[in-house]
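The values are calculated or read from the model by the stated rules, or taken from the named source; none is laboratory data. What you are looking at is a predicted structure, and each value in this text was computed from that prediction instead of being measured. Cβ placement follows ideal geometry from the backbone for every residue including glycine, while neighbour counts extend to all protein chains displayed.
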Ligand code: PBG
């Protein structure tokens with residue numbers, strides 16, 4: 001055997017390539033803020049901005065033109081609108097519902113995925129309601145249900161609970177169905193770890209926890225079997241797709257889940273993973289585009305069907321030009 005035979009030319013390599021990376025695999029996360037005519041760069045995420053709704057529409061024309069099928073929307077909520085009850089998270093006139101309506105009016109085919117969690121709305125910076133330093137589970141789920149209904153009402157295609165409260169997928173599914181939103185899907189952040197890789201994202205939204213950490217609801221990075229338990233629960237409760245987050249340090253988890261379930265598996269290539277590559281590339285220490293493609297390929301090879309990544313636009317531009 002001479003395995004090198006099949007590596008001799010680009011054509012041969014292309015023929016025997018096992019793992020495709022295509023624009024259909026990509027979900028682009030975007031940050032929306034109040035105001036008009038503005039884009040504000042995010043320091044630790046070069047190339048990513050917070051957009052006012054009108055500017056976001058301009059950006060999404062490019063995204064749609066590149067053939068990226070879906071976006072994930074995250075809001076920057078003004079401090080004055082934050083409270084410990086997450087009230088603003090289900091305001092029908094709030095930033096996210098207005099953004100959804102504007103996007104759907106301009107680009108009806110672009111799939112809009114919305115984040116269901118209280119941290120951008122919480123004066124405490126936690127994903128749930130806080131009482132005496134404890135993140136309440138069931139009381140939070142009630143608010144998450146209102147938030148998901150509000151997003152569905154505004155036109156979200158898929159709601160994505162990222163809060164890690166127990167039982168929220170089932171509660172959201174039941175409420176969506178009862179309200180007639182049977183076609184709104186749920187992408188469950190099923191295996192979401194208490195990770196240090198979320199730092200740049202929390203800076204982008206000014207949503208860092210005001211006290212403590214998120215270890216009583218997000219998973220311990222040491223645990224693998226527990227991810228399977230979380231996935232089984234979310235599927236039993238009605239999830240349409242499940243997510244592993246972060247991705248790069250958790251490729252083994254993606255593979256283990258993929259081997260056990262039939263639903264689409266989504267990998268979240270998070271802000272810290274993005275920042276590491278950008279920082280090294282800015283120093284001239286790595287070749288950015290190649291490292292980005294190799295990194296996203298590793299997630300697909302591990303078993304991800306879809307990748308939520310801040311690199312989506314950049315990769316889509318490369319894929320349409322040179323692969
Ligand atoms: C919170 C949420 C976080 C991210 C997405 N949704 C941060 C957190 O859990 O603190 C992080 C994404 C990223 O780092 O890119 N519900």
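A few comments on the model shown:
- Output for segment 87-116, where each listed residue is within 12 Å of the ligand (Cβ to nearest atom) and in contact with a helix residue (DSSP H, G or I) (Cβ under 7 Å, 6 or more places away or on another chain): 89, 114, 116
- Residues of segment 224-252 satisfying the condition of being touching a helix residue (DSSP H, G or I) at 6+ places or on another chain (Cβ under 7 Å), part of a helix (DSSP H, G or I), in contact (Cβ under 8 Å) with a residue 40 or more places away in the chain and away from the ligand (no atom under 16 Å from the Cβ): 231, 251
- Selection status of residue 96, touching a residue at least 12 places away in the same chain (Cβ under 8 Å), within 17 Å of the chain's Cα centre (by Cα) and more than 24 Å from residue 202 (Cα to Cα): no
- Across segment 201-220, a minimum of one residue is classified as buried (at least 18 other Cβ atoms within 10 Å of the Cβ), within 16 Å of the ligand (Cβ to nearest atom), part of a helix (DSSP H, G or I) and modelled with pLDDT of 95 or more.
- Test: residue in segment 138-145 that is surrounded by fewer than 23 Cβ atoms within 10 Å (Cβ to Cβ), at pLDDT 95 or above and within 18 Å of the chain's Cα centre (by Cα): no
- Flag if residue 119 is buried (at least 23 other Cβ atoms within 10 Å of the Cβ) and out of contact with any helix residue (DSSP H, G or I) (no Cβ under 7 Å at 6 or more places or on another chain): yes
- Filtered residues of segment 231-259 (kept if surrounded by fewer than 22 Cβ atoms within 10 Å (Cβ to Cβ) and either more than 16 Å from residue 273 (Cβ to Cβ) or at pLDDT below 95 (or both)): 232, 233, 235, 236, 237, 238, 240, 241, 255, 256, 258, 259
- Enumeration of residues in segment 47-75 that are in contact (Cβ under 8 Å) with a residue 60 or more places away in the chain, over 17 Å from the mean Cα position of the chain (by Cα) and crowded, with 16+ Cβ neighbours inside 10 Å: 66
- Being closer than 17 Å to residue 311 by Cα, at pLDDT 95 or above and either within 18 Å of the chain's Cα centre (by Cα) or away from the ligand (no atom under 16 Å from the Cβ) (or both) is a property that residue 78 lacks.
- Scanning segment 130-174 for residues that are farther than 23 Å from residue 195 by Cβ, in a loop (DSSP other than H, G, I, E, B) and in contact (Cβ under 8 Å) with a residue 24 or more places away in the chain yields 155, 156, 157.
- Any hit, segment 264-285, residues being out of contact with any helix residue (DSSP H, G or I) (no Cβ under 7 Å at 6 or more places or on another chain), away from the ligand (no atom under 14 Å from the Cβ), assigned to a helix (DSSP H, G or I) and free of Cβ contacts under 8 Å to residues at least 40 places away in the same chain: yes
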